[in-house]
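See structure below.
The values are calculated or read from the model by the stated rules, or taken from the named source; none is laboratory data. Since we're looking at a predicted model, the values are computed, not measured. Neighbour counts run over all protein chains shown; Cβ positions are idealised from the backbone, glycine included.
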Ligand SMILES: NC(=O)c1ccc[n+]([C@@H]2O[C@H](COP(=O)([O-])OP(=O)(O)OC[C@H]3O[C@@H](n4cnc5c(N)ncnc54)[C@H](O)[C@@H]3O)[C@@H](O)[C@H]2O)c1
């Protein structure tokens with residue numbers, strides 16, 4: 001079936017409302033020999049044959065993600081690299097799902113050719129390579145995996161704290177040049193030192209636990225009041241954190257309020273000989289101010305994983321043509337410079353593959369948008385195999401007055417068991433489970449919803 005987006009267009013008039021199964025249908029059902037109470041088996045909502053769903057995965061998406069999609073029976077084509085725009089356009093015309101990482105640009109020009117596209121999986125953290133607004137307005141959901149690499153970043157920061165405290169980067173560089181330089185001056189244990197975490201979210205809070213296990217005292221500053229883990233302590237202001245911490249580490253999002261949140265004035269408040277770590281976003285630290293603070297000895301060491309401008313590919317690009325101060329930065333002592341690798345581990349890639357793979361399957365099979373970055377987040381309890389003549393109606397529509405009244409007029413002739421709707425900007429997403437429906441009812445519901453002027457996308461799953 002070519003048009004999974006408009007599934008009823010190809011439904012035979014006399015089709016029976018049977019459940020099309022996939023290898024995972026029985027996965028959660030225990031063998032009958034287990035005895036005990038029988039749990040309802042979630043029903044796979046697929047009015048299409050799974051092998052009709054065409055998926056294109058680019059940029060060497062992790063095997064964990066590929067496995068989840070192929071186990072569903074979908075047709076999966078996986079390529080190791082991204083594609084030039086003309087080839088991407090050629091391929092995207094045909095697929096229902098595309099999985100990308102950061103290099104593939106899904107802009108308006110490309111997406112406008114993607115007539116069958118239902119959903120985009122960004123097997124990475126960022127989504128700025130996708131025109132999210134255009135996708136939403138055309139009923140294409142976008143999913144990513146924002147937190148699967150939190151642990152990897154927290155572990156990197158622990159490594160950096162010790163590396164800076166012991167000047168390991170410099171010693172290693174010296175040894176690589178043949179210089180033996182055994183020193184203990186201004187080299188410290190981290191036990192008993194204070195770590196100041198700015199932004200106590202997924203990464204900051206993981207780090208808090210790890211740092212305490214290393215014998216550090218942890219304080220944190222966040223714009224919201226958050227429960228302290230272990231014996232860590234929230235401080236009321238950024239200033240108080242900067243005055244108290246031996247190591248300051250940033251874990252805030254990139255926002256107008258966080259731009260240059262560490263600049264000359266904040267560096268001046270930090271303890272003499274303290275350390276700064278930034279593995280959040282490059283715009284959060286005013287790097288020329290940091291260079292001055294390190295030159296004066298105020299800051300004894302720094303680790304930067306992120307930069308205001310970053311190269312788009314690997315190669316010899318970390319020079320002044322990207323950011324005017326890069327060569328000065330490289331000339332400093334006790335500074336660790338890494339190429340945005342905080343989240344780059346095999347474990348994180350595998351976790352991303354699983355998280356995005358699962359989100360795609362949930363969306364394709366059941367219309368669930370939990371975790372979507374461009375659609376309202378909607379979920380309903382799964383239908384089970386004990387509910388044979390049910391259907392799930394999904395109606396993505398413009399968020400304009402009067403739509404729900406019209407939709408409910410259409411659904412109102414049927415037994416709507418549960419219904420949920422939410423909006424995000426000018427887009428709204430409605431999901432309704434209707435019971436005792438015949439194929440002819442579904443066709444009628446589908447055609448009526450499609451005829452509304454507010455319609456962006458109608459899906460009927462059963
Ligand atoms: N280096 C890497 O490879 C890498 C990998 C993953 C994430 N990151 C970045 O790390 C940062 C943190 O990620 P996360 O997953 O922990 O995010 P998160 O959303 O879980 O946590 C961010 C925290 O910062 C707080 N915050 C927001 N504005 C603040 C402000 N002005 N002052 C103080 N606190 C503020 C929020 O309340 C929240 O608790 C993000 O910028 C993310 O992009 C980098």
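Worth a mention:
- Residues satisfying the stated conditions in the stretch 242-254, i.e. at pLDDT 95 or above, within 10 Å of the ligand (Cβ to nearest atom) and under 17 Å from residue 286 (Cβ atoms): 250, 252
- The numbered conditions (1) more than 18 Å from residue 284 (Cα to Cα); (2) touching a residue at least 40 places away in the same chain (Cβ under 8 Å); (3) within 11 Å of the ligand (Cβ to nearest atom) are all true for residue 226 except (2).
- Scan of the stretch 263-298 for residues that are surrounded by fewer than 18 Cβ atoms within 10 Å (Cβ to Cβ) and under 27 Å from the mean Cα position of the chain (by Cα), ordered by number: 282
- The test for being in contact with a helix residue (DSSP H, G or I) (Cβ under 7 Å, 6 or more places away or on another chain) and either within 12 Å of the ligand (Cβ to nearest atom) or free of Cβ contacts under 8 Å to residues at least 12 places away in the same chain (or both) does not hold for residue 128.
- For the stretch 314-331, the tally of residues that are within 25 Å of residue 252 (Cα to Cα) and either over 27 Å from the mean Cα position of the chain (by Cα) or away from the ligand (no atom under 16 Å from the Cβ) (or both) stands at 7.
- Test: residue in the stretch 134-141 that is in the same structural domain as residue 55 (by TED's automatic domain parsing), crowded, with 23+ Cβ neighbours inside 10 Å and closer than 28 Å to residue 205 by Cα: no
- Of residues in the stretch 305-331 being in contact with a strand residue (DSSP E or B) (Cβ under 8 Å, 6 or more places away or on another chain) and within 20 Å of residue 146 (Cα to Cα), the one surrounded by the most Cβ atoms within 10 Å (Cβ to Cβ): 305
- Pick from the stretch 332-359, criterion buried (at least 18 other Cβ atoms within 10 Å of the Cβ) and in a loop (DSSP other than H, G, I, E, B), ranking: farthest from the ligand (Cβ to nearest atom): 334
- Restricting attention to the stretch 264-281, the residues being in contact with a strand residue (DSSP E or B) (Cβ under 8 Å, 6 or more places away or on another chain) and either more than 11 Å from the ligand (Cβ to nearest atom) or not in a loop (DSSP other than H, G, I, E, B) (or both) number 8.
- Within the stretch 417-456, the set of residues being assigned to a strand (DSSP E or B) and under 27 Å from residue 386 (Cβ atoms) comprises 417, 418, 419, 420, 421, 429, 430, 431, 432, 433, 434, 435.
- Test: residue in the stretch 245-256 that is surrounded by 17 or more Cβ atoms within 10 Å (Cβ to Cβ) and out of contact with any helix residue (DSSP H, G or I) (no Cβ under 8 Å at 6 or more places or on another chain): yes
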